[in-house]
Amino acid sequence: MCGIVGYVGDKESAPILVSGLKKLEYRGYDSAGVAVVSGKQLNVVRAMGKLKNLENRVGQDLPQGTTGIGHTRWATHGRPSDENAHPHTYKNVAVVHNGIIENHLALKEQLRARGHVFSSETDTEVFAHLISEAQEQGKDLPDAVRAAIAQVKGTYALAVVSSADPHRLVCTKNASPMVLGLGEGQNFVASDVPAVLEHTRDFVYMEEGDLAIVSATGVEIFNRQGQKANRSTKRIDWTPMMAEKGGHKHFMHKEIWEQPRAIADTLRGRMLLTEGDVHFEGWNLTPEKVRSLTKVTILACGTSWHSGVAGKHMIESLARLPVEVELASEFRYRDPIVDSTHLAIAISQSGETADTLAAFKEAKGLGATAMAICNVMGSAMTREADISVLTNAGPEIGVASTKAFTTQLVMLYMLAVKLGRLRNTLTVKAAQEHLTHLAEIPKMVEDVLKCEPAVKKVAREFMTAQDFLFLGRGPMHPVALEGALKLKEISYIHAEGYAGGEMKHGPIALIDEKMPVVVIAPKQPHVAYEKIIGNIEEVRARGGKVIAIIDEDDAQAGTLADHVIRIPPASALLAPVVATIPLQLLAYHVAEMRGNDVDQPRNLAKSVTVE
Ligand code: M6R
């Protein structure tokens with residue numbers, strides 16, 4: 001998730017662009033840049049790192065021009081660097097882009113064969129080349145953009161300027177947000193409303209496939225078929241703070257609701273359904289290497305550790321490779337057994353967690369192949385890794401991790417399929433079935449979010465509880481752990497997650513009529529459904545209040561529980577992704593009802609960079 005802003009008017013555009021980017025810095029901050037057109041001149045300034053670096057460069061030597069585009073980046077393809085910062089240019093064209101071009105490697109190959117030379121590692125740069133090529137064939141800027149997007153497979157919000165057409169800006173979108181801000185003698189484009197809210201309150205939300213031609217005097221919108229389209233103007237009354245949160249009260253709530261998109265972005269371009277395989281950019285493990293692995297050691301902390309526990313179920317089941325999931329904070333204070341036949345996987349949203357990084361270095365030093373599953377390209381862990389695979393969740397601002405967790409789960413599932421194929425523990429057909437199930441997950445997550453009103457009711461009833469217990473079996477055990485962690489970190493209510501079978505070994509003593517027990521019980525063979533039903537009965541028999549997370553069509557568990565939250569039935573190993581959503585919402589609403597600072601809970605930091 002990156003940020004885009006564009007301007008056409010009668011003022012110098014660079015200061016307007018930089019100030020718009022400042023409002024979008026929460027969407028990405030590894031590099032930024034602007035491209036400004038003045039007559040036949042295209043002026044581009046870019047800088048790696050925080051926006052301050054760009055601001056300094058622009059301040060020292062203001063690029064002149066009244067038409068321009070700007071971008072703040074969150075790397076997905078190509079590490080953070082000056083060269084990989086947007087705008088990307090080719091000849092007289094400059095582009096900024098949010099999204100992922102799935103066929104960029106093939107397009108680059110074709111363009112290289114036609115003599116093009118690339119100056120970045122990004123997927124975005126192909127847009128600049130394709131548009132410039134179409135212009136050279138005689139097309140005007142809008143038609144050149146149309147010609148380019150016709151060749152591209154993937155998602156995009158794209159804004160383009162060209163010194164061949166200095167008074168217009170063209171933008172288009174497909175599955176990434178883009179709005180047009182309407183002004184007097186000036187108009188704006190942006191990936192998000194806050195970027196230009198100080199200049200206008202009138203916005204047009206572009207629809208899928210729309211292409212807009214923006215000039216100082218107006219905007220023209222065309223639909224995917226190239227016909228002129230009428231889109232209504234909306235007046236936005238949000239405060240700048242509300243706008244940053246996309247109208248949600250807290251970043252955490254926004255991030256919970258972003259999960260269908262974040263998961264889809266993480267899957268995009270990686271699932272090869274026809275081949276029954278998974279593609280990871282930069283994958284450098286040979287089939288022989290993968291077959292020689294004797295163990296996977298997962299290293300992580302907090303929520304990322306919980307995804308590791310779910311990942312153990314996935315990898316052991318699909319790739320038949322033993323997995324140990326280690327608390328990174330403990331790992332190097334004992335004498336771990338690691339050698340060159342092991343794959344050490346660090347899982348981390350930030351890629352900077354000190355404990356995970358230290359454990360990762362230790363495992364690598366002992367000879368393991370080091371893989372990072374991370375949300376931040378260029379972070380310390382990706383730099384340390386022999387191989388990195390990125391979750392494309394976009395920046396996570398709320399301290400309580402939500403979309404990072406579910407994107408880690410789908411990433412681990414893809415990894416399990418890939419390892420399974422390379423180790424021949426999965427046939428092509430079996431892998432295809434797993435990937436088909438995976439492809440259904442974004443929609444299921446979208447559907448499960450509809451349980452929010454039911455979850456809110458439960459939150460209201462139990463918001464004053466002093467303790468909570470979460471129970472799950474098999475792949476639902478990490479979900480129980482995660483549900484408890486979410487609740488305790490933002491509501492400050494004591495909560496414990498337990499494997500259902502462990503309840504009789506101790507926690508059952510705690511149960512009385514004041515104890516809410518959340519039982520995660522989708523109807524799956526691995527989850528020992530009958531056994532978890534037994535847990536529900538044990539809790540009820542002692543007066544405890546049961547909140548059951550069950551499949552939509554489950555009649556049995558529904559009659560036993562005090563409260564029921566229904567979720568769409570996913571396959572056993574993927575059910576954790578879907579079952580986690582109501583627990584995130586429960587934690588959120590309880591904390592919100594108690595008046596807590598949801599996004600910045602007491603005593604916690606987003607990235608724990610000290611031991
Ligand atoms: O950035 P990381 O994924 O490495 O962070 C690990 C933990 O600090 C993090 O998951 C923490 O537990 C969150 N606050 C949980 O919501």
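Readers should treat all values here as calculations from the given coordinates under stated rules, not as data from a laboratory. All figures in this text were calculated on a predicted structure; none of them were measured in a lab. All Cβ positions, glycine included, derive from the backbone under ideal geometry; neighbour counts span all protein chains shown.
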Quiz prompt | Under 16 Å from residue 52, Cα to Cα: lysines that are on another chain or at least 8 residues apart | solution = 22, 23
Quiz prompt | Cα-projected label distance for residue 603 with residue 249, points at 7 Å along beta-carbon direction, nm | solution = 2.4 nm
Practice problem: Set the Förster distance to 41 Å, then compute FRET efficiency between residue 153 and residue 241 from the Cβ-Cβ distance, nearest 0.05. | Solution: 0.65
Quiz item: Given H placed 1.01 Å from N in the peptide plane, which residues other than close sequence neighbours of residue 102 have an amide H under 5 Å from its amide H?
Solution: 153, 154, 155
Self-check item: Tilt relative to the chain, helix 575-593 - C-alpha long axis, 0 to 90 degrees, to 10
Solution: 90 degrees
Quiz item: Under a Cβ-Cβ cut-off of 10 Å, what is the net charge of the residues other than residue 426 that fall near it, where Lys and Arg count +1 and Asp and Glu count -1?
Solution: +3
Quiz item: So for the pair residue 139, residue 273, with labels modelled 7 Å out along Cα→Cβ, what separation do we get in nm?
Solution: 2.8 nm
Self-check item: Overall form of the chain per C-alpha gyration tensor (a/c, 1.5; a/b vs b/c)
Solution: prolate
Practice problem: Mind putting a number on the dipole of the chain about its Cα centre? Charges go on the C-beta only, +1 for Lys and Arg and -1 for Asp and Glu, and I need it in Debye to the nearest 20. | Solution: 300 debye
Exercise. Would you pull out the residues with amide H under 5 Å of residue 229's amide H, same chain only if 5 or more places away, H placed 1.01 Å from N?
Key: 221, 222, 223
Self-check item: In degrees, nearest ten, helix 354-365 long axis to first principal axis of the chain (Cα)
Solution: 90 degrees
Quiz item: Among the DSSP beta bridges whose two residues both lie in the chain, what percent are antiparallel, rounded to the nearest 5?
Solution: 60 percent
Quiz prompt | Length-normalised contact order of the range 306-447 in % [C-alpha pairs under 8 Å, at least 6 apart] | solution = 25 percent
Quiz prompt | Amide hydrogen neighbours beyond the local backbone of residue 295, cut-off 5 Å, H modeled | solution = 343
Quiz item: Tilt of helix 428-439 relative to the longest C-alpha principal axis of the chain, in degrees (0 to 90, nearest 10)?
Solution: 80 degrees
Quiz item: Using a ≥ b ≥ c from the Cα gyration tensor of the range 449-593 (square roots of the eigenvalues), is it rounded, prolate or oblate, where a/c under 1.5 gives rounded and otherwise the larger of a/b and b/c decides, a/b for prolate?
Solution: rounded
Practice problem: Note down the relative contact order for the range 54-158 as a percent, whole number, built from C-alpha pairs under 8 angstrom at least six residues apart. | Solution: 30 percent
Quiz prompt | Expected 222 nm ellipticity per residue - DSSP helices of 4 or more, -39500 (n - 2.57), all of the chain, to 500 | solution = -11000 deg cm²/dmol
Quiz prompt | Fully extended contour minus Cα-Cα distance, from residue 64 to residue 443, at 0.36 nm per residue | solution = 131.9 nm
Quiz item: Using the alpha-carbon centroid of each, what span in Å lies between the range 25-91 and the range 238-266?
Solution: 25 Å
Quiz item: What percent do you get for the relative contact order of the chain when only Cα pairs under 8 Å and 6+ apart count?
Solution: 11 percent
Quiz item: With the Cα gyration tensor of the range 501-547 giving a ≥ b ≥ c as the square roots of its eigenvalues, does the rule (a/c under 1.5 for rounded; else a/b larger than b/c for prolate; else oblate) give rounded, prolate or oblate?
Solution: prolate
Quiz item: Over what distance in Å are the Cα centres of the range 181-211 and the range 329-351 separated?
Solution: 47 Å
